[in-house]
Amino acid sequence: MSSSESWRGLGMVKETYTSRPAHDLKLEGIREKETYTSRLDCILDKNELSKEGIVFLLKLDRREHLGRLFKKADEVREEYIGEDVYVRGVLEFSNYCRNDCLYCGIRKSNLKLRRYRIKPEEIVGIAKNAVSSLGFRTVLLQSGEDGYYTTEVVEDMIKRILEKCDCRVALSIGERTVEEYKRFYDAGARRCLVRFETSNKKLFEKLHPKSSQTKNSFGRRVKLIKRLGKIGYQVGTGFMVGLPGQSIEDLAGDILMYDRLKANMAGTGPFICHPDTPLACSNNGSFEMSLKVIAVTRIACKDIFISATTALQSLNNANGRELALQAGANLLMPNITPKKYRMLYQLYPNKACVYENPFDCANCVKKVVETVGRTIGRGYGDAIRK
Ligand code: SF4
């Protein structure tokens with residue numbers, strides 16, 4: 001045997017011994033991939049999602065698998081909600097807050113922030129303009145927990161807005177007593193937004209310190225959200241994605257909370273760390289995980305309304321809202337706050353739309369909806385989910 005033959009022979013032996021394991025490994029990889037894919041199909045085909053199924057979906061990371069998740073969410077959205085995208089104009093009327101939530105840029109301990117309150121007459125005027133000139137059919141009144149606006153003042157604002165405008169009034173003013181919320185309902189408010197922020201009780205209590213003025217507790221928050229539904233409100237709630245100390249299992253629990261709370265609307269956005277808070281050095285929540293949460297919420301909760309939040313847009317200003325609408329969302333919440341106040345209502349930094357005015361935001365929303373080939377919902381856009 002020539003030396004070249006012996007090299008060839010050695011090569012063959014080598015090939016025989018090394019290629020088999022490689023081949024086996026490849027086969028194993030294919031089998032694993034098939035099992036993984038069929039598990040994904042199996043979960044997506046089920047009518048109800050278990051906590052394990054939700055965790056599996058939230059862990060997807062391959063492009064092809066994510067594509068299937070988002071496609072399925074979009075199909076569910078089409079079947080249960082249709083093509084309409086509903087728009088809520090958000091008016092941030094006060095950045096005073098008695099609370100000290102660790103993640104929030106307008107928490108009371110942030111002494112660097114210049115505070116503002118918009119007078120009730122001005123609030124009514126802004127709402128009127130948003131409805132009559134910009135065409136919004138819902139005005140969401142949002143603020144920190146600010147006792148300056150007493151029960152009577154809030155009641156009066158709701159009544160005056162409804163006297164002047166054909167719209168729904170929604171409230172996002174934090175924890176008030178059930179009696180107060182009943183009075184706001186009697187004054188005409190029909191929707192409210194109170195987020196539970198996280199379903200992990202320990203994490204909730206770490207993030208929401210108690211003080212002499214507030215008795216923050218997870219149980220109390222959850223109880224209030226449930227009572228709001230009983231009063232007759234269409235209830236919006238939600239949580240943050242990527243909070244420090246939050247696990248994927250927590251996120252799965254958060255998604256399951258929507259049904260437990262009988263929520264009509266889901267508002268999920270990424271945590272974005274604010275430099276003037278105790279969580280300044282934390283990592284932001286991820287855009288991709290937030291999109292996955294929207295998609296899984298759509299698949300799990302079917303006919304719930306889901307907003308493409310401003311926080312999501314702030315992480316991806318180029319097409320964040322478009323991607324959210326294509327992953328299951330059906331609500332947009334443009335800002336109708338006058339430009340001079342916007343910079344001062346930064347719950348998190350680099351918030352989108354702080355340099356725009358209400359007119360810009362109304363136009364921008366139209367373009368976003370056109371881009372994804374959908375239509376802006378006419379009418380009040382009341383919840384489908386009962
Ligand atoms: S999250 Fe809400 S309640 Fe907490 S500090 Fe900020 S505005 Fe106040």
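Of all the criteria given as (1) surrounded by fewer than 20 Cβ atoms within 10 Å (Cβ to Cβ); (2) touching a Lys or Arg at 6+ places or on another chain (Cβ under 8 Å); (3) closer than 23 Å to Phe271 by Cα, the one not satisfied by Lys202 is (2).
Only one of Tyr103, Tyr96, Tyr116 is surrounded by 17 or more Cβ atoms within 10 Å (Cβ to Cβ), in the same structural domain as Leu243 (by TED's automatic domain parsing) and over 19 Å from the mean Cα position of the chain (by Cα). Can you tell me which?
Every option except Tyr96 fails the conditions.
Name the residues in the range 273-298 that are of a type in the set (A, V, I, L, M) and surrounded by fewer than 24 Cβ atoms within 10 Å (Cβ to Cβ), would you? Step through it out loud before you land on a result.
In the first step, residues of the range 273-298 are kept if they are of a type in the set (A, V, I, L, M); the result is 279-280, 289, 291, 293-296.
Selection gives Leu279, Ala280, Met289.
When the residues of the range 22-66 are filtered to those that are of a type in the set (S, T, N, Q) and not in a helix (DSSP H, G or I), the one that is farthest from Leu251 (Cα to Cα) is Asn47. Taking residues in the range 314-332 that are in the same structural domain as Arg342 (by TED's automatic domain parsing) and more than 19 Å from Arg342 (Cβ to Cβ), and partners anywhere that are assigned to a loop (DSSP other than H, G, I, E, B) and aliphatic (A, V, I, L, M), the pairs with Cβ atoms closer than 8 Å and at least 6 places apart or on different chains are Glu322/Val372; Leu325/Val372; Gln326/Val372; Asn330/Ile81.
Against the condition more than 29 Å from Lys366 (Cα to Cα), under 28 Å from the mean Cα position of the chain (by Cα) and not β-branched (Val, Ile, Thr), how does Glu152 come out, does it pass?
So Glu152 does not fit the description; no.
Among the residues of the range 291-307 satisfying the criterion of being assigned to a helix (DSSP H, G or I) and of a type in the set (Gly, Ala, Ser), which is nearest to Thr268 (Cα to Cα)? The qualifying residue nearest to Thr268 (Cα to Cα) is Ala295.
Within the range 244-266, the set of residues being assigned to a loop (DSSP other than H, G, I, E, B) and buried (at least 24 other Cβ atoms within 10 Å of the Cβ) comprises just one member, Ala263. The strands (runs of 3 or more DSSP E) located wholly in the range 120-232 that include 3 or more residues which are closer than 30 Å to Asp250 by Cβ and out of contact with any helix residue (DSSP H, G or I) (no Cβ under 9 Å at 6 or more places or on another chain) occupy 138-143.
Filtering the range 308-333 to residues that are surrounded by fewer than 24 Cβ atoms within 10 Å (Cβ to Cβ), outside any helix (DSSP H, G or I) and among the small types (Gly, Ala, Ser) leaves only Ala318.
Among residues belonging to the range 67-108 that are in contact with a helix residue (DSSP H, G or I) (Cβ under 8 Å, 6 or more places away or on another chain) and part of a helix (DSSP H, G or I), point out the one that is farthest from the ligand (Cβ to nearest atom). Per the criteria, the residue is Arg68. Candidates in the range 109-137 are the residues that are among the charged types (D, E, K, R) and free of Cβ contacts under 8 Å to residues at least 60 places away in the same chain; of these, the one that is farthest from the ligand (Cβ to nearest atom) is Lys128.
The values are calculated or read from the model by the stated rules, or taken from the named source; none is laboratory data. The structure presented is a predicted model; accordingly, all values stated were derived computationally and were not measured. A quick note on method: Cβ atoms are made from the backbone with ideal geometry, for glycine too, and the neighbour counts reach across all protein chains shown.
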